[in-house]
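The values are calculated or read from the model by the stated rules, or taken from the named source; none is laboratory data. Model, not experiment: these values are computed from the prediction. Virtual Cβ from ideal backbone geometry, glycine too; neighbours counted across all protein chains shown. In case anyone asks, the SASA skips ligands and DNA or RNA and just uses the protein heavy atoms, side chains included. Shrake-Rupley method; radii C 1.70, N 1.55, O 1.52, S 1.80 Å.
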Amino acid sequence: MKEIIYYPGCTLKNTAKNFEDSAIACSEALDFKLHELKDWYCCGTVYSLTSDDLMHHIATVRNLLRVQEEGQERFTTLCSMCYNTLKRSSKRINENENDRETLNSFMDEEENNYEGKVDIIHYLQILRDEIGFDIIKEKVKRPLKNLKLAPYYGCLLLRPNEVAIDDPDSPSILEDLITAMGAEAVYFPFKNECCGAYETVAEVDLVVERAHNIIGNAKRNGADAILVSCPLCAFNLDNRQKEVLEKYPDFEGIPVLYFTQALALALGLDPDVCRFDLNYQPVEDLVRGIEQ
Amino acid sequence: MDEEMVRIYIMGKEYKVPGNLTILTALEYAGYQIIRGAGCREGFCGACATVYRMKDDYKLKADLACQTKVEDGMYLAQLPFVPAQKSIYDINKLKPEVGTFQELYPENFKCVSCNTCTKACPQDIEVMDYVQAIVRGDIKKAANISFDCIMCGLCALRCPAEIVQYNVGILARRLYGKYLAPRAKHTRKRIEELEKGMWEDEVNKLMKLSKKALKEKYKSRDKEA
């Protein structure tokens, strides 16, 4: 079985345990073991754009160093925010020897210097590039027939261009996964619209508006559920449906799933690994529909 | 005095003191009366946090004054008190989850993994690792890592993210102790037995014995080897 070092991130150990558990189960079913990085640190959540603010890259470099110390040159993650932060930060540090020197000299308690060779890939890239959607299609035991899914990318898998895991304007990686699972990917022009991200803390109404637009677009195109790969997108599109309903009384909810939850069902795994109890909108009807 | 004398600098002023003294006793040898900034003198209370530097070295070091011997060329200053923030809470009303820390110590989530706290810790605790464990909601891990903390405050003084690590750590240990640690079933069972009066007859028998008989009984008791 192939193995890759896996960086969970803080949210996947808390509110997005449904994302982590389903992803680990899927990867084992696909003969690709996720091996959790020992002693990892919070990625910082947001990539620091200030050019002379090296302090906010230390967490990334320590994580890269831990991967290097395990003798590896790449690792993977699931959360889009972790992916984006770690990828952008590692690009900067890997490509900039001066920054690396400054950070290495700051981290003088570390046994080793970070050598600038570790790269991060997103779990979806493993599915596409290492396993292959044709193999996944072969391993599907419970095809998600008659299920229409809206693939939601949000921002962080696609922007900025240099860290995009697919064409930023016209991505297809989630659509291809949906097709491999035997479901139908609906036309979804709002798939890479921003959900409002952390504005959800201070500007709930802004996020409610965005969620209303994005979900409305998915529903008008016939989606039974929305697939996401980011705990913050999941929060804004799933949990915030409560506030959307308060503002728009005729709003009808829609289940929001992590792509790994849908994949676990398609691979015929025990639905318990999906931890659907952590999803806000009920998904029981959807799961029952698949099982029948 | 036979012992070798060393040259130290207390708040910039030069003194010669015996080299076998601790920083704390050296300060007193030099004539300073330590009213705040000393406590048990045994390395347990955390009151004597000290900051020093060696001659010709730029690094500021931190330690406990009662546990560190003076060395030639030490520049010293004693910290009387750390006026760090402490949240007030009722442990019975808290939940053992990450949200509790977000509410009571939001600055904990500003950690940038610089590890300065760990470098400052005189107890050699991986301070940053327990701060990070809390960020990801692993209260058990935070409680275990921070277990040897003596609340000296040096981590908080050095932290660029302005976290008060030691107060965050004790909250983790309290939450773990109250809500998460496995309960000792045998203790519960024994308390129930006691409450039911399991030993009352035995105690009453002892109470009725004469002093001599008590002494005799004590001498002939079962002893562990």
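Please list the non-local residues whose amide H lies under 5 Å from the amide H of B:Gly19, H modeled 1.01 Å from N, same-chain partners needing a gap of 5 or more.
Correct list: B:Glu4, B:Met5, B:Val6.
Which ³J(HN,Hα) values, rounded to whole Hz and listed in residue order, are derived for the range A:248-256 from phi using the Karplus coefficients 6.51, -1.76 and 1.60 in 6.51 cos²θ - 1.76 cosθ + 1.60 with θ = phi - 60°, glycine and proline given as x?
10, x, 8, 5, 10, x, 8, x, 10
What value, in deg cm²/dmol to 500, does the helix sum -39500 (n - 2.57) over DSSP H runs of n ≥ 4 give at 222 nm once divided by the residues of the protein assembly as shown?
Per the formula, -10500 deg cm²/dmol.
Read phi for every residue in the range A:102-115 and hand back ³J(HN,Hα) as whole Hz from Karplus 6.51 cos²θ - 1.76 cosθ + 1.60, θ = phi - 60°, with x for Gly and Pro.
4, 5, 4, 6, 5, 8, 6, 7, 6, 5, 10, 8, 7, 8
For B:Leu194 paired with A:Lys38, estimate the spin-label separation in nm (one decimal), with each label point 7 Å from Cα along the Cα-to-Cβ line.
4.3 nm
For chain B, what's the relative contact order in percent, using C-alpha pairs closer than 8 Å and at least 6 residues apart?
Relative contact order of chain B: 16 percent.
What's the carbon and sulfur percent of the range B:125-225's accessible surface, probe 1.4 angstrom, rounded to a whole number?
Taking all protein chains in place, the range B:125-225 shows 53 percent carbon and sulfur surface.
Rounded to a whole number of µm²/s, how large is the Stokes-Einstein D of the range B:91-180 at 4 °C and 1.567 mPa s, given Rh as the Kirkwood radius over C-alpha pairs?
It comes out at roughly 103 µm²/s.
For B:Asn144 paired with A:Thr179, estimate the spin-label separation in nm (one decimal), with each label point 7 Å from Cα along the Cα-to-Cβ line.
4.7 nm
Give, in whole angstrom and from largest to smallest, the semi-axes √(5λ) of the equivalent ellipsoid of the range A:2-123, with λ running over the eigenvalues of the Cα gyration tensor.
25, 16, 12
Taking a threshold of 24 Å on the Cα-Cα distance, which of the pairs A:Lys2/A:Lys148; B:Lys189/B:Lys211; B:Lys185/B:Lys208; A:Lys145/A:Lys191 fall above it?
Violating the 24 Å limit, Cα to Cα: A:Lys2/A:Lys148; B:Lys189/B:Lys211; B:Lys185/B:Lys208.
Check which residues have an amide H placed less than 5 Å from A:Lys33's amide H, if you skip close sequence neighbours.
Those qualifying (amide H under 5 Å, at least 5 residues apart or on another chain) are A:Lys2, A:Glu3, A:Ile4.
Can you give me the three principal axis dimensions of the protein assembly as shown from its C-alpha atoms, in Å, biggest first?
Largest first, the protein assembly as shown extends 89, 73, 49 Å along its Cα principal axes.
Could you tell me the relative contact order of the range B:91-180? Use alpha-carbon pairs under 8 Å, at least six residues apart, and round to a whole percent.
For the range B:91-180, the relative contact order is 34 percent.
Just to confirm my understanding: which cysteines in chain B have no other cysteine beta carbon less than 4.7 Å from their beta carbon?
Result for chain B is B:Cys48, B:Cys66, B:Cys111, B:Cys114, B:Cys121, B:Cys149, B:Cys152, B:Cys159, no neighbouring Cys Cβ within the cutoff.
Can you give the relative contact order of chain A as a percent, counting alpha carbon pairs under 8 Å and 6+ residues apart?
Dividing the mean separation by the residue count of chain A yields 20 percent.
Could you compute how much accessible area chains A and B hide from each other, both sides summed, with a 1.4 Å probe? Nearest 100 Å² is fine.
The summed interface area works out to 1300 Å².
I'd like the residues of the range A:12-61 whose 1.4 Å-probe accessible area shrinks by no less than 40 Å² going from the isolated chain to the full set of protein chains.
SASA drop of 40 Å² or more in the range A:12-61: A:Asn14, A:Trp40, A:Tyr41, A:Cys42, A:Met55.
Send over a whole-number figure in Å² for the accessible area per residue of chain A, probe 1.4 Å.
The answer is 43 Å² per residue.
Can you send over the carbon and sulfur percentage of the accessible area for chain A, probe radius 1.4 Å, protein chains only?
Ligands and nucleic acids excluded, carbon and sulfur give 46 percent.
With charges set only on the Cβ (+1 for Lys and Arg, -1 for Asp and Glu), what does the dipole of the protein assembly as shown come to about its Cα centre, in debye to the nearest 20?
2540 debye
In the range B:104-123, what residues drop by 50 Å² or more of accessible area when the other protein chains are put back, versus the chain on its own? Use 1.4 Å, and skip ligands and nucleic acids.
B:Val112, B:Ser113, B:Lys119
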